[in-house]
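Notes for the one structure printed next.
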């Protein structure tokens, strides 16, 4: 168990920096030939807490899944609306974001996975909550869509921790210089 828990973005992006098309499609991602699960299982074992935005949660729940995909992990969904918690998810809204992030980072445990989407990642970058980025680059150029990073994002200095290849995918692992 880590003393200081890191918040990690583990996310795929097109070569030109988009995480989805404008209509929130990921079809382009599934056309790329990977290798196994492209490192997902290994990463997933390092986390015990999941953070995501409401639109990302909605997209996940619309998929043809046999159950909640993050069972057994603490899962928080950030939303602007008041939504009742479920068995698997705690919904966070309003000013609770900063308080929750500091609470989670101060607890003993594994890493915290910031799943997405773009707006939530932007908020975490602006608030300097991010500790690591594991970005898997797909050999696809979308030209437009939902960006991985926003123009308004703070400048971050990163340290390359490692690279992996999974057939046509390249994974870049960076730590944020603090």
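Counting only residues that are closer than 15 Å to residue 130 by Cα and surrounded by 17 or more Cβ atoms within 10 Å (Cβ to Cβ), which one in the range 91-104 is modelled with the lowest pLDDT?
Among those residues, the one meeting the criterion is 97.
Quick check: anything in the range 63-73 surrounded by 10 or more Cβ atoms within 10 Å (Cβ to Cβ) and at pLDDT below 90? Walk me through how you get there before you give the answer.
Of the range 63-73, the ones surrounded by 10 or more Cβ atoms within 10 Å (Cβ to Cβ) are 68-70, 73.
Add one more test, that the residue is at pLDDT below 90, and what stays is none.
For the range 63-73, residues surrounded by 10 or more Cβ atoms within 10 Å (Cβ to Cβ) and at pLDDT below 90: absent.
What pairs come up if the first residue lies in the range 93-109 and is farther than 23 Å from residue 46 by Cα, the second is at pLDDT 95 or above and surrounded by 11 or more Cβ atoms within 10 Å (Cβ to Cβ), and their beta carbons are under 7 Å apart, counting only those six or more places apart or on different chains?
No pair meets every condition.
Run down 123, 163 and say which single residue is surrounded by fewer than 19 Cβ atoms within 10 Å (Cβ to Cβ) and modelled with pLDDT under 95. Talk me through it step by step, then tell me what you get.
Numbers: 163 fails: modelled with pLDDT under 95.
Among 123, 163, only 123 is surrounded by fewer than 19 Cβ atoms within 10 Å (Cβ to Cβ) and modelled with pLDDT under 95.
Which is within 30 Å of residue 34 (Cα to Cα) and either crowded, with 18+ Cβ neighbours inside 10 Å or touching a helix residue (DSSP H, G or I) at 6+ places or on another chain (Cβ under 7 Å) (or both), of 147, 139?
Working: 139 fails: either crowded, with 18+ Cβ neighbours inside 10 Å or touching a helix residue (DSSP H, G or I) at 6+ places or on another chain (Cβ under 7 Å) (or both).
Only one candidate passes the filter, namely 147.
Against the condition surrounded by fewer than 18 Cβ atoms within 10 Å (Cβ to Cβ) and either more than 24 Å from residue 5 (Cβ to Cβ) or within 14 Å of the chain's Cα centre (by Cα) (or both), how does residue 50 come out, does it pass? Quick ask: steps written out before the conclusion?
Details: surrounded by fewer than 18 Cβ atoms within 10 Å (Cβ to Cβ): no; either more than 24 Å from residue 5 (Cβ to Cβ) or within 14 Å of the chain's Cα centre (by Cα) (or both): yes.
Spelling it out, it is not the case that residue 50 is surrounded by fewer than 18 Cβ atoms within 10 Å (Cβ to Cβ) and either more than 24 Å from residue 5 (Cβ to Cβ) or within 14 Å of the chain's Cα centre (by Cα) (or both).
The values are calculated or read from the model by the stated rules, or taken from the named source; none is laboratory data. Everything quoted here is computed from the prediction, not taken from an experiment. Cβ: placed from backbone, ideal geometry, glycine included. Neighbour counts: every protein chain shown.
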